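Heads up, the thing below is written out as structure tokens.
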Amino acid sequence: MSPTYHRFLLLLSFFALSLCPVFSQSPHVPGQLIVMFEPGHGPDLLPELRPERQLSARLRIWLMSLPPGADEATSLRQIRNQAGVILAQYNHYVQPRQALQTVPNDPDFGDQWDMNNTGQNGGLPDADIDAPEAWDYTTGGLTAAGDTLVVAVIDGGIDLNHPDLNLWKNHAEIPGNGLDDDNNGYIDDYDGWDAYDSDGSLPGDSHGTHVSGTVSARGDNGLGVTGVNWHAQVMPIAGSSGQEAVVVEAYAYALEMRMRYNQSQGAEGAFVVATNSSFGVDFGQPANFPIWCAMYDSLGAAGILSAAATMNNNSDVDQTGDVPTACASPYMISVTNTTRQDLRNNGAAFGLTTIDLGAPGTQILSTLPNGNFGNLTGTSMATPHVAGAVALLLSYPCPGLIQQYKSDPAGTALLIRDYLFDGTDSLPALTGSTVTGGRLNLHQSMLLIE
Ligand SMILES: [Ca+2]
Ligand SMILES: [Ca+2]
Ligand SMILES: [Ca+2]
Ligand SMILES: [Ca+2]
């Protein structure tokens with residue numbers, strides 16, 4: 001990341017401070033203020049307030065009470081402007097965050113170390129993405145403005161009948177009648193799109209079923225596992241291997257649906273906020289794949305971030321190249337694979353300038369065909385945590401965030417990416433070998449929105 005670009009991101013973060021005014025007034029003790037005075041000053045400076053007690057003699061901090069009936073906001077503003085006062089604020093209620101963790105009732109959740117690592121099976125406690133802490137704020141599904149969040153999973157196919165998956169459907173399309181009912185250029189695209197055969201009939205696939213469950217298996221439904229999102233919808237698009245032409249057609253479907261949503265204010269298309277690609281061309285050189293790499297900029301311009309799995313071999317992508325994870329687009333987030341000990345899986349690639357962050361990808365429990373559940377390992381399993389995280393952050397109950405996202409989809413997508421990067425847990429195993437030096441942490445990224 002260039003220094004200029006980093007400054008740009010910092011600037012975006014600064015503006016983001018005002019995105020969530022609803023949350024700027026947390027619950028507080030009525031009529032009480034905490035005031036920090038300059039040296040040589042104290043409660044005498046504010047004779048209309050009653051000093052309750054001194055909280056720090058060294059820092060000159062006092063708990064004070066306003067006179068009965070005083071308007072809190074007006075008083076606070078005046079006191080903040082008073083000479084001799086350094087800081088003044090409400091006396092907010094504070095809750096023990098640990099006790100608030102939102103844990104779903106899915107029976108296999110205890111084996112999902114990626115979401116909540118308790119040290120099960122020899123893991124390192126807290127080597128996880130802090131999902132229960134993040135779910136205190138939102139469990140995904142809708143934006144603050146009521147948009148249904150959709151993640152396009154481009155893979156080999158999917159089990160369309162798995163009872164633990166949240167699957168998107170194109171309700172404007174009538175399946176199987178040979179007509180393009182919604183006039184979007186795709187015939188019978190009711191379940192998604194199959195870019196292998198250019199039709200709406202999706203093949204089954206264990207890899208795609210597993211990846212989709214990590215994005216958004218149904219949470220708290222008493223069955224199986226839970227995804228990063230409990231309710232967001234997966235748009236399955238088949239087209240993760242074979243020829244590059246298939247991959248381009250696959251991405252183009254996700255882009256078309258989001259562009260239609262943007263241009264119709266949500267009346268048409270789908271609110272695709274992220275794509276997931278757990279495939280690629282090992283050691284591919286981006287210069288030879290200009291159209292594939294440029295798809296990420298086109299998707300980004302529409303507001304879509306794309307999570308991409310890097311190679312499953314112990315290589316430095318900065319040196320060797322890889323497609324897509326060496327593509328230059330800022331809207332493509334490249335992901336490597338971490339273990340339950342917070343180490344980089346030694347069969348996963350890295351790169352100080354090319355691979356952005358790590359996410360859990362080793363022995364990940366998720367959905368498998370025919371209603372099954374099971375473990376898989378690979379960068380493929382790491383990446384959907386990031387794609388799911390994009391949708392989870394956009395479900396944060398902040399009207400300002402979603403307003404900004406709709407008025408500036410591309411800029412706000414980069415802001416979300418910045419939250420993901422800045423919220424990572426720094427790990428020795430990733431420092432110096434990835435852009436962020438860290439592993440995804442949903443909760444810390446969510447706190448950056450506030
Ligand atoms: Ca944790
Ligand atoms: Ca159609
Ligand atoms: Ca049709
Ligand atoms: Ca479930």
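Test Val103 against the stated conditions and say whether it is open to solvent by 50 Å² or more (accessible area, probe 1.4 Å), away from ligand 3 (no atom under 16 Å from the Cβ) and of a type in the set (Val, Ile, Thr). Walk me through it before giving the result.
Working: open to solvent by 50 Å² or more (accessible area, probe 1.4 Å): yes; away from ligand 3 (no atom under 16 Å from the Cβ): yes; of a type in the set (Val, Ile, Thr): yes.
Yes; evaluated as a whole, the condition is true for this residue.
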Going through region 220-243 one residue at a time, which ones are more than 7 Å from ligand 4 (Cβ to nearest atom) and under 17 Å from Ser206 (Cβ atoms)? Gly227, Val234, Pro236, Ile237, Ala238, Gly239, Ser240, Ser241
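The rows are residues; the columns are (1) within 14 Å of ligand 3 (Cβ to nearest atom); (2) in a loop (DSSP other than H, G, I, E, B); (3) buried (at least 23 other Cβ atoms within 10 Å of the Cβ).
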residue	(1), (2), (3)
Asp182	yes, yes, no
Tyr190	yes, yes, no
Tyr196	no, yes, no
Ser201	yes, yes, no
Val211	no, no, yes
Val215	no, no, yes
Gly224	no, yes, yes
His231	no, yes, no
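Output the residue which, of all residues in region 26-41 that are within 45 Å of the chain's Cα centre (by Cα) and either in contact (Cβ under 8 Å) with a residue 60 or more places away in the chain or not in a strand (DSSP E or B) (or both), is surrounded by the fewest Cβ atoms within 10 Å (Cβ to Cβ). Break it down into steps so the answer makes sense when it comes.
Looking only at region 26-41, we keep the residues that are within 45 Å of the chain's Cα centre (by Cα), and these are 26-39.
Next, from what is left, pick out any that are either in contact (Cβ under 8 Å) with a residue 60 or more places away in the chain or not in a strand (DSSP E or B) (or both): 26-29, 38-39.
Numbers: Ser26: 10, Pro27: 10, His28: 16, Val29: 13, Glu38: 12, Pro39: 8.
Only one residue fits best here, namely Pro39.
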Inspect region 282-295 for any residue being surrounded by 24 or more Cβ atoms within 10 Å (Cβ to Cβ) and hydrophobic (A, V, I, L, M, F, W, C) and give the result as yes or no. yes
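Check Ala301, Ala307, Ala252, Ala348 and return the single one that is hydrophobic (A, V, I, L, M, F, W, C) and free of Cβ contacts under 8 Å to residues at least 40 places away in the same chain.
Numbers: Ala301 fails: free of Cβ contacts under 8 Å to residues at least 40 places away in the same chain; Ala307 fails: free of Cβ contacts under 8 Å to residues at least 40 places away in the same chain; Ala252 fails: free of Cβ contacts under 8 Å to residues at least 40 places away in the same chain.
None of the others qualify; the one that does is Ala348.
Output the residues belonging to region 425-442 that are out of contact with any Phe, Trp or Tyr (no Cβ under 7 Å at 6 or more places or on another chain) and open to solvent by 20 Å² or more (accessible area, probe 1.4 Å). Give the derivation first.
If we filter region 425-442 for residues that are out of contact with any Phe, Trp or Tyr (no Cβ under 7 Å at 6 or more places or on another chain), which is where we start, we get 425-432, 435, 437-442.
Passing the criteria: Asp425, Ser426, Pro428, Ala429, Thr431, Gly432, Val435.
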In the list Ala152, Ala88, which residue meets the criterion of being within 20 Å of the chain's Cα centre (by Cα), among the aliphatic types (A, V, I, L, M) and surrounded by 14 or more Cβ atoms within 10 Å (Cβ to Cβ)? Ala152
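The values are calculated or read from the model by the stated rules, or taken from the named source; none is laboratory data. Predicted model, so just to flag it, every value in this text is computed and none were measured. So basically every Cβ, Gly included, is an ideal-geometry build from the backbone, and we count neighbours across all protein chains shown. Side chains are part of the model used for accessible areas, which takes the heavy atoms of the whole protein and leaves out ligands, DNA and RNA. Shrake-Rupley method; radii C 1.70, N 1.55, O 1.52, S 1.80 Å.
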